[in-house]
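Quick notes on the structure that follows.
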Amino acid sequence: MIRLDDLINHTSEWLKGTGPYSSIVMSSRIRLARNFEKLPFPNKAAKKVLADIIETVQAAINELPLFKDAALFKISELDNVDRQFLVERHLMSHEHASHPEGKGLVISKEEVVSVMINEEDHLRIQVMQSGLNLFETWKIISSFDDALAQKINFAFLPEWGYLTACPTNTGTGMRGSVMLHLPALVMTKQINKVLAAISKLSFTSRGFYGEGTQASGNFFQISNQVSLGHSEDEIMQNIDGIIRQVIEQEEQARQALLLQNRPMLEDKICRSYGVLRNAHIISSQETAELLSMVRLGIDVGVVKDVDKATMNELFIMIQPAHLQKIEGKKLSAPERDEKRAKLIRSKLEKPQGR
């Protein structure tokens, strides 16, 4: 069974830098909202009801092969660092961590599937994969959803679909999202125009940690806003189509920078790489910006001695809770800035003999 401390030495599937268009798309995620039939939504449910839901979900999941060796955590039993650690790994939301009473989290062995219990809905099922991989992600989550539906009666009406706490999720209960790295669109000042066009098509853009967060490290999470009235296949086709257009625009912006302003681009990338390899104190915000440039440098062939998976993993490892888990103790902000710089130097140190 997974222990929370074991995750620090494990690379999440979505960080591996594989899958289609992985130079621009970090991850694809599909989330399903599900609720128990005839029970009040979590915000109206008594403590006993919430506790019973956790037990029922645990019993159901224990019988599913996909969740062999999975772990269930009761959020109220975790300290603040552990809760933030799980948020940083994109396994649960800030909301789930901030109001822990009566809430649970199930994590599969490879961190591909996670289930938030008693967040806004009774169940928030999530699957994440590396690259632009929505349809493979859907296969995994659909199979799990079908298996779970054999053991739990979900709130469902033929005319409305799955009933959810927020009306925008009613219908399929599905939210698809794709995390994109768009530094060239930011550098060429085209990003606001792209995001405005997305918004007009009923899609939304969020930051690296989803709802309520700002873009960090030039990462943007694009997802559908409405579930009602659309099938799962329609939602995925729509997201996939939008994402491919954004990918094309980012690719064009990268080519334009290389053709028209290559010295400036190479200088910015190499300076970022130099700071990361030599800094002894560095904040998480500055690190995210510099990592973004080095990741772009890898993708356009300027940086050749670091792989993309290492860059992706560093975006997570430099976060406050991860640094404290690595050290095995709580750290002040200045201590984290020092440990962050040390961790980055160790990861980017060139192999001996080069």
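The numbers here are math on the coordinates, done by the rules we state, and not lab data. Small disclaimer: the values here were computed from a predicted structure and weren't measured. Don't worry about glycine lacking a Cβ; one is built from the backbone with ideal geometry, like all the others, and counts go over all protein chains shown.
If you place +1 on the Cβ of every Lys and Arg, -1 on the Cβ of every Asp and Glu, and leave all else neutral, what size is the dipole of the chain about its Cα centre, to the nearest 20 Debye? It would help to have the intermediate numbers written out before the result.
On the way: 43 positive and 44 negative charges, 187 e Å.
Taking the Cα centre of the chain as origin, the dipole is about 900 debye.
Taking 24 Å as the limit for the C-alpha separation, the pairs Lys47/Lys151; Lys74/Lys342; Lys308/Lys347; Lys139/Lys325 exceed it in the case of Lys74/Lys342; Lys139/Lys325.
For region 224-348, rounded, prolate or oblate, judged on the Cα gyration tensor with a ≥ b ≥ c (square roots of eigenvalues), a/c < 1.5 rounded, else prolate if a/b > b/c? Since a/c reaches 1.5 but b/c is at least a/b, the shape of region 224-348 is classed as oblate.
Helix 333-348 axis versus longest C-alpha principal axis of the chain: approximately 70°, rounded to the nearest ten.
Helix 284-299 and the longest principal axis of the Cα set of the chain meet at an angle near 70°.
Once C-alpha pairs closer than 8 Å and six or more residues apart are averaged by separation and normalised to the residue number of region 75-157, the relative contact order reads 17 percent. Excluding same-chain neighbours fewer than eight residues apart, the lysines reachable from Lys330 by a Cα-Cα span under 16 Å are Lys339. Across the options Gly229, Gln260, Asn43, the greatest Cα extent toward the positive end of the charge dipole of the chain (unit charges at beta carbon of Lys, Arg, Asp, Glu) belongs to Gln260.
What GluC sites (Glu not before Pro) in region 271-354 are in a loop by DSSP, with at most 15 other Cβ atoms within 10 Å of the Cβ? Provide the component values of the computation, followed by the final result.
On the way: sites: Glu286, Glu289, Glu313, Glu327, Glu335, Glu338, Glu349; in loops: Glu349.
Answer in residue order: Glu349.
Under the criterion of Cα pairs below 8 Å and six or more residues apart, the relative contact order for region 261-348 equals 38 percent. Between Phe203, Asn169, Ile239, the Cα set farthest toward the positive side of the dipole of region 156-270 (charges on each charged residue's Cβ, about the Cα centre) is that of Phe203.
For GluC sites (Glu not before Pro), the sites in region 28-88 that DSSP calls loop and that have at most 14 other Cβ atoms within 10 Å are Glu37, Glu63.
Note down the Stokes-Einstein diffusion coefficient of region 1-105 in µm²/s, whole number, using a Kirkwood radius over alpha carbon pairs, 10 °C, and 1.306 mPa s. List each step's numbers first, then the result.
On the way: Rh = 15.8 Å.
Estimated via Stokes-Einstein, D reaches 100 µm²/s.
Across region 106-148, C-alpha contacts under 8 Å between residues 6 or more apart give a mean separation that, scaled by the residue count, equals a relative contact order of 26 percent.
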